[in-house]
Amino acid sequence: MVPSQGRDSRTGQGYGDAMVIEVLEFDVDPSERDEWLKCEENNWSRFLEKQPGFVRKQMWQSADNPSKVHAVIWWESMAHWKAIPSDQLDDVARAMGPLERTPTLSVYDVISEC
């Protein structure tokens, strides 16, 4: 069992040492998906792999809507994830060029494992 990680109701920030899952939903035209995935992997995946606390990342496509692509990213803790300087994130976003997409963010705390 993984200990529960609380969340500050005012800021939305998590606290504690539990793993956190970042889920980003992107709108990607299916005709551009292969090119977008290569660019995303070459930029975002390579960058994230170098970050302390990064566990793993998967890319998921919606079975119901092929234009919805989800990046599911596991972090050792909220503190690790939020320690990445915003200027570095901006640099990676710029490196994506015209393939950069603004995602919708969801965050999940791992509260139990089988």
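Given a Förster radius of 25 Å and the C-beta distance between Asp87 and Glu41 as r, what FRET efficiency does 1/(1 + (r/R0)^6) yield to the nearest 0.05?
0.70
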For every helix of n ≥ 4 consecutive DSSP H residues, a contribution of -39,500 (n - 2.57) applies; sum these over the chain, divide by its total residues, and give [θ] at 222 nm rounded to the nearest 500 deg cm²/dmol. -6000 deg cm²/dmol
Restrict the search to region 21-70; then list the trypsin sites (Lys or Arg not before Pro) that DSSP places in a loop and that have at most 15 other Cβ atoms within 10 Å of their Cβ. Lys50
Quick one: dipole size for the chain, taken about the Cα centre, charges +1 on Lys/Arg Cβ and -1 on Asp/Glu Cβ, in debye to the nearest 20. 220 debye
Return the distance in nm (one decimal) between the two label points of a simple spin-label model at Leu99 and Ile21, each offset 7 Å from Cα along Cα→Cβ. 2.6 nm
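What relative contact order, as a whole-number percentage, does the chain give when Cα pairs under 8 Å and 6 or more residues apart are counted? Intermediate values should be presented prior to the final figure.
Values: 184 pairs, mean separation 49.2, N = 114.
Value for the chain: 43 percent.
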Label-zone membership for region 75-91, site Val55, 7 angstrom Cα→C-beta point, backbone N under 20 Å: 75-84
Once you sort the root eigenvalues of the Cα gyration tensor of the chain as a ≥ b ≥ c, which label holds: rounded (a/c under 1.5), prolate (a/b larger than b/c) or oblate (the other case)? prolate
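No lab work stands behind these numbers, since they all come straight from the coordinates. Not measured: the values here are computed from a predicted model. Every residue, glycine among them, receives a Cβ derived from its backbone with ideal geometry; neighbour counts consider all protein chains shown.
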